[in-house]
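**Q** Dropping the structure in here first, questions after.
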């Protein structure tokens, strides 16, 4: 074991004396220059869902809720003149569907939850991929 | 203590202080460059590889979880990247066999009256180390110069710990053979 220690010590001394290989002067500067250039370039971040799509979804949900609201009021025998006027002016929304109230509330709640989740998922994604 | 200092600079870098990374570059550049040289065999390729290693390290810093020492993690990147560069140049990392016999040229120009002293043994040992196979030189550098444990070396070069032990034993044997044959020559010269 002493013999092994002797050779180990010899090798250590030789290596310490010899030292390590040295890269060229300014090596650190070159590396940091590359890294700084990487940082300066703006990261082209594209949101998971584009803003205009979110606005479109939100508008669609609002209109759908309005439609359902109008439909429920008609069922109840009330005529909400304001909503009728709005819907009448938009001919394409003149459906002849009669949707039960409970169903419409479920749909509305589900859509609201979906909107909230989409926003939350977007925030989590931004946080993890910064 | 070393790890604590590295950790401080790693955290600073991750918190947006890119300049803090230069401390780590300055500290480890020689070792990274040496390891790359041992694998790639020439200074130019080794320098390019060493630069790319640090850039890779910077990009992957978020993924460093502290389970191993930063140096071990960095040297592993160095090893893997250098091997990739070698492969991309369609080269293999040859482990050439040691030629145990000493070259007569080493003895012939020495005077018969000179006593071989420790200094000269060290010189011969240095030459012998340089003549080791590249993978053996790598292990010698990591074990003796850097003082890494067998487990860490095994992790860096992706072999089993037992294999590292065996290789180290072989290296010692080779170097001991050199010194033994040198002693024999000393005794012949002194007759």
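The values are calculated or read from the model by the stated rules, or taken from the named source; none is laboratory data. The structure presented is a predicted model; accordingly, all values stated were derived computationally and were not measured. No Cβ is skipped: glycine too gets one built from the backbone with ideal geometry, and neighbour counts run over all protein chains shown.
**Q** Looking only at the stretch B:142-153, count every residue that is buried (at least 22 other Cβ atoms within 10 Å of the Cβ) and within 14 Å of residue A:11 (Cβ to Cβ) and tell me the total.
**A** Within the stretch B:142-153, residues that are buried (at least 22 other Cβ atoms within 10 Å of the Cβ) and within 14 Å of residue A:11 (Cβ to Cβ) number 2.
**Q** Output yes when any residue across the stretch B:25-44 is facing chain A (nearest Cβ under 10 Å), crowded, with 19+ Cβ neighbours inside 10 Å, in contact with a helix residue (DSSP H, G or I) (Cβ under 8 Å, 6 or more places away or on another chain) and more than 26 Å from residue B:159 (Cα to Cα), and no when none is.
**A** yes
**Q** A further question on this structure: For residue A:36, which of the numbered conditions (1) at pLDDT 85 or above; (2) more than 7 Å from chain B (Cβ to nearest Cβ) fails to hold?
**A** (2)
**Q** What is the number of the single condition among (1) touching a helix residue (DSSP H, G or I) at 6+ places or on another chain (Cβ under 6 Å); (2) surrounded by fewer than 17 Cβ atoms within 10 Å (Cβ to Cβ); (3) more than 11 Å from every other protein chain (Cβ to nearest Cβ) that residue B:60 does not meet?
**A** (1)
**Q** Scan the stretch A:85-105 and give yes if some residue there is on the phi > 0 side of the Ramachandran plot and modelled with pLDDT under 60, otherwise no.
**A** Scanning the stretch A:85-105, I find no residue that is on the phi > 0 side of the Ramachandran plot and modelled with pLDDT under 60, so the answer is no.
**Q** Now, a different point. With the checklist (1) farther than 17 Å from residue B:71 by Cα; (2) without any contact (Cβ under 8 Å) to a residue 60 or more places away in the chain in hand, flag the one item residue B:39 doesn't pass.
**A** Every listed condition holds for residue B:39 apart from (2).
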